[in-house]
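The values are calculated or read from the model by the stated rules, or taken from the named source; none is laboratory data. These figures come from a predicted structure and were not determined experimentally. Cβ atoms come from the backbone with ideal geometry, glycine included; neighbour counts cover every protein chain shown.
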Amino acid sequence: MSTVPALLDPAAQAIHQAAQQPTQQATTARLDIYAGIHKALRTLMGDILGRLGRCDLDHPGELRDTLDRTDLMLDLMASHVDSENTVIHTAIEARLPEGARQTTEDHVEHQHSIAALRQDVQVLRVAQPVQRPLLARHLYRQMALFVAENLEHMHVEETTNNATLWSLFTDAEIGQLEGQIVSRLSPEKMMAYMRWFAVGLSTAELTGLLQAMRLGAPAEAFDATLALIKGELSPERWDRLATALQMGSLVPASTATH
Ligand SMILES: [Fe+2]
């Protein structure tokens with residue numbers, strides 16, 4: 001990872017240095033644009049790493065399913081990098097030149113890693129059975145390094161970048177940035193992320209996300225999201241969510257028959 005930019009003007013340096021300090025008050029009080037999506041992506045990355053590790057390579061269906069899931073994870077990670085670059089980093093750097101330099105540089109590395117991992121997935125997908133063990137071990141190790149890098153990178157975003165955002169933007173403005181990110185997603189990609197929000201967030205956090213969606217999205221989209229989420233949660237957790245959403249025993253129409 002890169003170091004703090006050395007060429008900032010004094011005012012910008014002061015803001016950036018302030019942004020480096022752990023601000024206990026700020027972490028409890030301000031809008032955290034990273035928290036939810038990063039929980040979702042950490043959960044997704046852990047799931048994929050586990051699947052790659054335990055995949056039975058002599059079982060073509062399981063191998064194909066594991067590699068399909070890995071490709072989807074790489075698509076979501078690439079989309080996430082693009083959203084952060086286009087919306088968050090652009091906003092930070094408009095008010096503080098070089099203010100997102102470290103994580104911007106990290107993203108370049110991540111894009112290279114994603115491209116290499118996609119290629120590793122494809123090579124394993126078409127390999128002969130005798131070649132699979134070595135190729136699978138390589139993919140597993142490279143994925144582990146990618147996950148490790150992302151876990152560290154997300155910590156920088158949630159501490160340094162959040163402090164920078166909080167020093168430069170109001171919560172209302174940060175909320176608008178979040179809205180821009182959501183509006184860039186296709187419905188398919190949004191649903192793919194929602195699956196990992198469902199298993200990565202606490203019931204209270206998931207409730208907040210769904211309450212906002214209920215107010216802003218078409219009823220059909222909300223129902224489809226609930227149906228997807230219900231499939232991911234234990235019955236106990238689903239009951240807690242339904243209660244929190246004040247739905248009583250409401251069951252999404254599309255899952256009412258099972
Ligand atoms: Fe990032």
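Quick notes
- Here the condition is being buried (at least 19 other Cβ atoms within 10 Å of the Cβ) and of a type outside the set (A, V, I, L, M, F, W, C); of H80, H112, it holds for H80 alone.
- Of the residues making up region 146-174, those that are of a type in the set (F, W, Y), part of a helix (DSSP H, G or I) and away from the ligand (no atom under 16 Å from the Cβ) number 1.
Listed here are the residues, each with its yes/no results for (1) at pLDDT 95 or above; (2) within 16 Å of the ligand (Cβ to nearest atom); (3) among the charged types (D, E, K, R); (4) not assigned by TED's automatic domain parsing to the domain that holds G179.
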| site | (1), (2), (3), (4) |
| --- | --- |
| Q17 | no, no, no, yes |
| Q20 | no, no, no, yes |
| R54 | yes, no, yes, no |
| H59 | yes, no, no, no |
| D65 | yes, no, yes, no |
| R69 | yes, no, yes, no |
| L74 | yes, yes, no, no |
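- Among the residues making up region 90-120, a single one is under 20 Å from M45 (Cβ atoms) and touching an Asp or Glu at 6+ places or on another chain (Cβ under 6 Å): T103.
- Residues being within 16 Å of the ligand (Cβ to nearest atom), touching a residue at least 12 places away in the same chain (Cβ under 8 Å) and assigned to a helix (DSSP H, G or I) - total across region 83-116: 21
- Only residues that are touching a helix residue (DSSP H, G or I) at 6+ places or on another chain (Cβ under 8 Å) and touching a residue at least 60 places away in the same chain (Cβ under 8 Å) were counted in region 147-172, giving 18.
- Restricting attention to region 164-202, the residues that are within 24 Å of D239 (Cα to Cα) and either surrounded by fewer than 16 Cβ atoms within 10 Å (Cβ to Cβ) or of a type in the set (A, V, I, L, M, F, W, C) (or both) total 10.
- Residue match in region 124-145 (condition: surrounded by 14 or more Cβ atoms within 10 Å (Cβ to Cβ), within 16 Å of the ligand (Cβ to nearest atom) and under 26 Å from M191 (Cβ atoms)): no
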